[in-house]
Amino acid sequence: MKTGRNESCPCGSGKKYKYCCLNKKGEEPFILTKEVYEKDFLPVYNIDKCYPKTFVEFDIVLPFHIPMYISQTFTCGMEFGYLSFRFDMITTNDSYRYPLGKNIPTLNIHKTKILMMGAVDLDYETVLGDSEKYYNEFFDLLLEQLNKIVLSYMVSKKDEDCHYLTKEMFPATIMVRTTNLETWENDMGLFMLHMNVPYEKNPLTEDEIYNFKRLQGIVVWEKNPFVAGEQHMFSARRNFKQGFYMEAVNLAQTSVEVLIRILYKELLIDEGKTEVEIEEVLENTAFMNIIKKKLASYIGGSWDITKVDTEVGKWYKNTYLLRNKVTHTGKIPSFKEVDEAIYDAIEFKKFIISRVKLNKKKYPKINEYFA
């Protein structure tokens, strides 16, 4: 199902296909030439009497589609130079998944291709001399500004298919080209954004299959109330790997809260309280009250959240408080902050389980759940 030369271009520009995307197939992703620079970029730079020395271009494809006109470009000035974003569109078709012998238009998938560009007041040799450092700095600045563009679009169009962007949402490597704006020599290569490279998983061993089947029975028959809650931490780690930082922090904290509330419920059951009494206690007991007062009386240990060198103190500072900032202020945490939040949540959960095991004679039934 090909688009005719005189038909409207599928990118939505309103132009005929022959005057828009027809001739763009197979082109090099980068656009900068001396002629393009003098025509499209230099007039903007001349306004501020700014004359950058080096131009860096990153070629990326968003995981969603923003229906901009082809070649629509946004430029903003920064202290060190200029950032520019050139919007294009790519279309793929999933018809190959089905043995029908033809493309089905409804299976077209549109995604936005963006050339992220930075014009900087740094020597060409300086940038290439420490390219990993400078490419990371430039990409982070460009991505920060791009997120502002995406947020503006999301709010104006109420488009729920879009979301904030992080490095992990792109392929592990992307194309980058650096150009000397004085001599017009350039260097093109691959830039590694992150280490999430796909790898082949080893087949399960007989022992692993046996353990998996044993756990399957526990899950199916709901024999262990703590098992289902583990999915939240797996979801946190998966979201982190995919670059969804806010979701990862929320899920890491949810994993801790589920463990603590289930444990508190099991402790109340062990006391002999009825279901009605337990529901009333759980409803009227704040989560932090369980942390600060209740659990220490049951399983002992230090639960002082102000002691930042303990498991509970690190969790409170790096996971709980960060989750509050994410939830209540819309903060997008950094990679380092999410990494610490997940790690300290896991360590706190280990601490809780270790306290249960130390009280196995007092709570043999609960201890069995963690055997």
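Table for the structure above
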read-out: Over the chain: Kirkwood hydrodynamic radius from C-alpha pairwise inverse distances, Å; value: 25.1 Å
read-out: ³J(HN,Hα), Karplus 6.51/-1.76/1.60, whole Hz, each residue of segment 347-353, x for Gly, Pro; value: 5, 5, 5, 4, 4, 4, 5
read-out: Distance from segment 184-215 to segment 22-98 (C-alpha centre basis), Å; value: 32 Å
read-out: Helix axis angle, 245-270 relative to the chain longest principal axis, alpha carbon, degrees; value: 10 degrees
read-out: Cα extents of segment 17-192 along the three principal axes, largest first (Å); value: 55, 34, 32
read-out: Estimated Rh, segment 175-301: Kirkwood, alpha-carbon pairs, angstrom; value: 19.4 Å
read-out: Segment 323-371 and segment 111-158: distance between their alpha carbon centers, rounded to Å; value: 36 Å
read-out: Loop-located trypsin sites (Lys or Arg not before Pro) in segment 55-117 whose Cβ has at most 12 other Cβ within 10 Å (DSSP); value: K102
read-out: Burial ranking of peptide ranges 340-349, 239-248, 141-150 (average Cβ count within 10 Å, highest at the top); value: 340-349, 239-248, 141-150
read-out: Long-range HN-HN contacts of K53 with modeled amide H, under 5 Å; value: V120, D121, L122
read-out: Ranked packing of 296-303, 192-199, most packed first, by mean Cβ within 10 Å; value: 296-303, 192-199
read-out: Count, lysine Cα pairs under 21 Å in segment 211-324, 8 or more residues apart or across chains; value: 19
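Here, each number is a calculation from the coordinates, and none is a lab measurement. Not measured: the values here are computed from a predicted model. With ideal geometry, Cβ positions are generated from the backbone for all residues, glycine too; neighbour counts draw on all protein chains shown.
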